[in-house]
Amino acid sequence: MTIRPIRELGDPVLRTPADEVRAFDRELAALVRDLLETVDHPGRAGLAAPQIGVSARVFSYNVDGEIGHLVNPRVVELSEETQDGDEGCLSIPGIWAPTVRAMSAVVEGFDVHGEPLRLSGTGLMARCLQHEVDHLDGRVFLDRLAGEARKAALRALRDR
């Protein structure tokens, strides 16, 4: 069992778009195992490969007892209806801020064996899918904040 340390904001890997996975091999299988084992803890809804220092378009999720992964994900559908709830990030510990996301999301990609996979969710699952794909694009949830929410989050980040 390999639980990997989480990279924190300031690490360049978190701000760099992740590389597309091209080989569905033993190395990918080991990465997926590490992501699944690392996300399998209370309070962890999702984990992208860059958060453990690996530039690969892969993430794991752990939402409402459902644990899984997605390789080379792409968002294919977002609802017009939105949700505005507190969001946090393992790479930015202790900072939570109201973040607007689509209420429903559909993401397509592949499983660890290269088989097509389609994930859809509402509420927390939709938030998780959007949050993790953002990580793979070199974005963190703070980038989605505006106005007073952004100012307060950046102030809290500075003061910690």
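Would you please put 89-95, 75-81 in order of how densely packed they are, using the mean number of other Cβ atoms within 10 angstrom per residue and starting with the highest? Working shown, then result.
On the way: 89-95: 18.0, 75-81: 12.4.
Sorting 89-95, 75-81 by mean packing, highest first, produces 89-95, 75-81.
To the nearest 500 deg cm²/dmol, what mean residue ellipticity at 222 nm is calculated for the chain from DSSP H runs of n ≥ 4 alone, each contributing -39,500 (n - 2.57), summed and divided by the residues? Show your work: numbers first, answer last.
Numbers: 3 runs with 40 residues, N = 160.
The per-residue figure over the chain is -8000 deg cm²/dmol.
Taking amide H positions as placed in the peptide plane 1.01 Å from N, state which residues far from GLY53 in sequence (5 or more) or on other chains have amide H under 5 Å from it.
Placed amide hydrogens put ARG7 under 5 Å from GLY53.
About the Cα centre of the range 2-79, how large is the charge dipole given +1 on each Lys and Arg Cβ and -1 on each Asp and Glu Cβ? Please answer in debye to the nearest 20. Could the numbers behind the result be given before it?
Numbers: 9 positive and 12 negative charges, 36 e Å.
In debye, rounded to 20, the range 2-79 gives about 180.
On a 0 to 90 degree scale, rounded to 10, what angle separates helix 147-159 from the longest Cα axis of the chain?
So the inclination is approximately 80 degrees.
What does the charge add up to near LEU117, with Lys and Arg as +1, Asp and Glu as -1, over the other residues with Cβ less than 10 Å from its Cβ?
Details: positive: ARG118; negative: GLU108, ASP111, GLU115.
Around LEU117, the surrounding residues sum to -2.
If you add up the charges near GLU81, with Lys and Arg at +1 and Asp and Glu at -1, over every other residue whose beta carbon is less than 15 angstrom from its beta carbon, what do you get? Please list the in-between numbers first.
Details: positive: ARG101, ARG127; negative: GLU77, GLU80, ASP84.
After counting each charged neighbour, the total is -1.
Using bins 5 angstrom wide from zero, how does P(r) for the range 13-104 break down, in % of all Cα pairs?
3, 12, 19, 23, 23, 14, 5, 2, 0
On a C-alpha basis, how far is the centre of the range 72-90 from the centre of the range 14-28 in Å? Whole number, if you could?
So the separation of the two Cα centres works out to 22 Å.
Cα atoms only, the range 85-160: Rg and Dmax in Å?
Just the Cα atoms of the range 85-160 yield Rg and Dmax of 14.2, 45 Å.
Leaving out ligands, DNA and RNA, what percent of the accessible area of the chain is carbon and sulfur, probe 1.4 Å?
Values: 4020 of 8190 Å².
Within the chain, the accessible surface is 49 percent carbon and sulfur.
Using only the alpha carbons of the range 55-116, determine the length spanned along each of the three principal axes and report them from longest to shortest in whole angstroms.
On the principal axes, the range 55-116 reaches 36, 29, 25 Å in Cα extent.
Between ALA149, GLY68, VAL107, whose Cα lies farthest towards the positive end of the dipole of the chain when Lys and Arg beta carbons carry +1 and Asp and Glu beta carbons carry -1, centred on the Cα centre?
Among ALA149, GLY68, VAL107, the one farthest towards the positive end of the dipole of the chain is ALA149.
Charges at C-beta only: +1 for Lys and Arg, -1 for Asp and Glu. How large is the resulting dipole of the range 96-160 about its Cα centre, in Debye rounded to 20?
Details: 10 positive and 9 negative charges, 105 e Å.
For the range 96-160, the charge dipole is close to 500 debye.
Using alpha-carbon pairs under 8 Å, 6+ residues apart, how would you state the relative contact order of the range 13-153 in percent? Please report the intermediate quantities before stating the final value.
Details: 284 pairs, mean separation 36.5, N = 141.
RCO, the range 13-153: 26 percent.
Which angle between 0 and 90 degrees, to the nearest 10, do you get for helix 124-136 versus the longest principal axis of the chain when only C-alpha atoms count?
Helix 124-136 sits roughly 80 degrees off the main axis of the chain.
Is there a quick way to get the dipole size of the chain? I mean about its Cα centre, with the Cβ of Lys and Arg at +1 and of Asp and Glu at -1; what is the value in debye to the nearest 20? Don't jump to the answer; show the numbers that get you there.
Details: 19 positive and 26 negative charges, 115 e Å.
That gives a dipole near 560 debye.
Using θ = phi - 60° and the Karplus form 6.51 cos²θ - 1.76 cosθ + 1.60, what ³J(HN,Hα) does each residue of the range 54-62 get, whole Hz, x for Gly and Pro?
10, 8, 9, 7, 9, 9, 10, 9, 8
The values are calculated or read from the model by the stated rules, or taken from the named source; none is laboratory data. Remember, it's a predicted structure, so these values are computed and weren't measured experimentally. Neighbour counts are summed over all protein chains in view; Cβ atoms, including those assigned to glycine, are modelled from backbone coordinates with ideal geometry. The protein model used for the area step is the full one, side chains on, heavy atoms only, and it has no ligands, DNA or RNA in it. Shrake-Rupley method; radii C 1.70, N 1.55, O 1.52, S 1.80 Å.
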